[in-house]
Amino acid sequence: MTILTVKTTPYNDQKPGTSGLRKRVPVFQQPNYVENFIQSIFDSLEGFSGQILVIGGDGRFYNDVAIQKAIRIAAANGFGKVMVGQGGLLSTPAASNIIRHYKAFGGLVLSASHNPGGPEGDFGIKYNAGNGGPAPEKITDAVFARSTVIDSYKILDTPDIDLHAIGTQQVGDMVVEVIDPVADYAALMRTLFDFDAIKALFASGFRMTFDAMHAITGPYAHTILEDLLGAPKGTVVNGTPSPTFNNGHPDPNLVYCKEMHDLLMTPDGPDFGAASDGDGDRNLIIGKNRFVTPSDSLALLAANAHLAPGYKGGIAGIARSMPTSAAADRVAEKLGVEMHETPTGWKFFGNLLDAGRVTICGEESAGTGSDHVREKDGLWAVLLWLNILAVRQQSVDAIVREHWRSYGRNYYTRHDYEEVDVAIANELVDELRARLPSLPGRIFADDLQIAYADDFTYHDPVDGSTSARQGIRIGFTDGSRIVLRLSGTGTVGATLRVYLERYEAPDGRHDLETQLALEPLIGIAEDLCKIRERTGRTGPSVIT
Ligand code: VG1
Ligand code: CO
């Protein structure tokens, strides 16, 4: 087997976004596109010779092709060993765990997460560092810079590697170990949660439905929920990963999981419903007659984490992405622990978790996780909820209402405008940014006064780095907020995200319909940003 050095020419669009490089599959299928990017990653790292690289993906279309290329390039660049999930599969949190557990140098996660898959769908590649977390900006910036000048890559000339049988094989000078994608992850979950208590909950007749959305969590959920925790067969639906996600959109929100939501709102429906996304790091939580917003879920999990064995000593702190509601802040205040506000994207939580300053992190986009790995973790959130339900012996609805009675309720929604013309979206944001200094003091809807208006800049308290322009925040004197930012995961046009939040005190009204409760703010957002007017849309494409 020979190592080939292949001449190449750079692409100018390999800039990683919120979570790795994401493009349409035909873009990745261009000659040397994958090779250039992976070589650019390796060229930006030092000291991996002889070390372990973890590779796995969510099984979407092109996973099988890209993974063969990745292994050949890793072998040619001098890695000592590649650990890969059987069939090329690993959920994103499982990949993070494998990197940490086996002290790997890093890992490649092949996924476009919640984006649709298939020949015309999306694909993605992300590099995770030795802590198991998405590479920080310092590395992704270096990778992008390298990708614009790369002129050759190294690849081992070898036939396709068999990824179906568990065990080790030699590929050139490198070892390839095919591992069970589920076993180590399931073992980790056992150390965190009271499996006996959850088992007893299921044995008592508690009914749950878990929608794996034809994506990666199917095998994990079948093993953990049905085999280990004794939930009846059929609890997990859509549990076989499909390269096209059965032509669905594997985003666990109220739009794509509407059927499950409606089922949970019926008298005969199950007690608990949950779902996860394409790569297994997001979660949707719905109790009977109660959808739990991701922001509320973060606050509730943080407030109740001590009920699970893995967190019985309490939590060190909480971190949330800036657009996420401030519900968790009130929990941190009551617990007397640190609270951090970071830019969107899990990569910003890594330093805080590594430094032991926070234990639980979350994002409004259905992502929650803890210091057990360095990615958000869909099934982890589901299991923590189950552990809490098993201990408290109350319904989700009762637990949520009780929480609002003691902390107050943060009404919260996100309005997405997808596939907007890029020039229009940029102009809209630039124009609003220019007007920010003039906004404080202005009064809307009779009594809503703007307290501050800025473009969020994050100062990482651990490594001192600064990340500017992370989203526009307009805050009101009563604690309400409008946040506006452009998505960094979309692959076509621009996606404008508008986040709206209003606080209602513990003794206030907690039973309003969310969109209704936020109506005045929705109006102010339109007044200020003129999104509908400028984009010609009559309303958002997706409301979550
Ligand atoms: C979105 C979410 C963000 C999340 C990211 C990756 O990013 O808003 O909170 O971390 O997706 O999630 P953006 O830039 O489109 O708003 V996933 O499940 O891709 O790994
Ligand atoms: Co995801």
When every residue in the range 327-348 that is assigned to a loop (DSSP other than H, G, I, E, B) and more than 10 Å from ligand 1 (Cβ to nearest atom) is compared, the one surrounded by the most Cβ atoms within 10 Å (Cβ to Cβ) is Val337
Right, Val178: under 23 Å from the mean Cα position of the chain (by Cα) and of a type in the set (Val, Ile, Thr) or not? no
Out of everything in the range 214-239 that is more than 25 Å from the chain's Cα centre (by Cα) and outside any loop (DSSP other than H, G, I, E, B), what residue ends up being surrounded by the most Cβ atoms within 10 Å (Cβ to Cβ)? Leu228
Of the listed residues (Asp64, Asp13, Asp43), the one being out of contact with any Lys or Arg (no Cβ under 9 Å at 6 or more places or on another chain), modelled with pLDDT of 95 or more and of a type in the set (D, E, K, R) is Asp64
Does the range 434-456 contain at least one residue that is assigned by TED's automatic domain parsing to the domain that holds Gly490, farther than 27 Å from Gly536 by Cβ and among the hydroxyl-bearing types (Ser, Thr, Tyr)? yes
When restricted to Val462, Val429, Val391, Val400, the only residue touching a Cys at 6+ places or on another chain (Cβ under 9 Å) and either more than 30 Å from Ile224 (Cβ to Cβ) or at pLDDT 95 or above (or both) is Val429
Looking at Thr368, is it closer than 26 Å to Ala129 by Cβ, at pLDDT 95 or above and more than 15 Å from the chain's Cα centre (by Cα)? no
Identify, from the list Asp421, Asp463, Asp446, Asp455, the residue that is within 16 Å of ligand 1 (Cβ to nearest atom) and surrounded by fewer than 19 Cβ atoms within 10 Å (Cβ to Cβ). Asp455
Pairs where the first residue, in the range 129-150, is within 26 Å of Asn97 (Cα to Cα) and the second is among the aromatic types (Phe, Trp, Tyr) and assigned to a loop (DSSP other than H, G, I, E, B), C-beta under 9 Å, 6+ apart: Ala129/Phe105; Gly130/Phe105; Gly133/Phe349
Sole miss for Gly107 among (1) in a strand (DSSP E or B); (2) touching a Leu at 6+ places or on another chain (Cβ under 6 Å); (3) over 19 Å from Ala165 (Cα atoms) is condition (2)
Of (1) surrounded by 14 or more Cβ atoms within 10 Å (Cβ to Cβ); (2) in a loop (DSSP other than H, G, I, E, B), Asp507 satisfies all except one. Which? (1)
Would you say Lys312 is closer than 24 Å to His222 by Cβ, basic (Lys, Arg) and at pLDDT 95 or above? no
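Can you tell me which of Phe206, Phe144 is among the hydrophobic types (A, V, I, L, M, F, W, C), under 19 Å from Val237 (Cα atoms) and not in a strand (DSSP E or B)?
Result: Phe206 is the single residue among Phe206, Phe144 that is among the hydrophobic types (A, V, I, L, M, F, W, C), under 19 Å from Val237 (Cα atoms) and not in a strand (DSSP E or B).
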Being among the aliphatic types (A, V, I, L, M) and modelled with pLDDT under 95 is the filter; apply it to the range 497-515 and report the residue that is farthest from Leu448 (Cα to Cα). Leu512
For the range 296-342, what are the residues that are among the β-branched types (Val, Ile, Thr) and closer than 19 Å to Trp404 by Cβ? Ile318, Thr324, Val331
Strands (runs of 3 or more DSSP E) wholly inside the range 242-293 containing at least 1 residues that are at pLDDT 95 or above, surrounded by 22 or more Cβ atoms within 10 Å (Cβ to Cβ) and within 16 Å of ligand 2 (Cβ to nearest atom): 272-275, 284-287
Which count do you get for residues in the range 349-369 that are aliphatic (A, V, I, L, M) and either within 9 Å of ligand 1 (Cβ to nearest atom) or crowded, with 24+ Cβ neighbours inside 10 Å (or both)? 4
Of all residues making up the range 405-418, the number that are part of a helix (DSSP H, G or I) and either without any contact (Cβ under 8 Å) to a residue 24 or more places away in the chain or surrounded by 20 or more Cβ atoms within 10 Å (Cβ to Cβ) (or both): 1
Go through the range 381-404 and give me each residue that's over 23 Å from Phe210 (Cα atoms) and either free of Cβ contacts under 8 Å to residues at least 24 places away in the same chain or surrounded by 24 or more Cβ atoms within 10 Å (Cβ to Cβ) (or both). Glu402
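The values are calculated or read from the model by the stated rules, or taken from the named source; none is laboratory data. Everything numeric here is computed off the predicted structure, so don't read it as measured data. Note: ideal-geometry Cβ built from the backbone for every residue, glycine included; neighbour counts use all protein chains shown.
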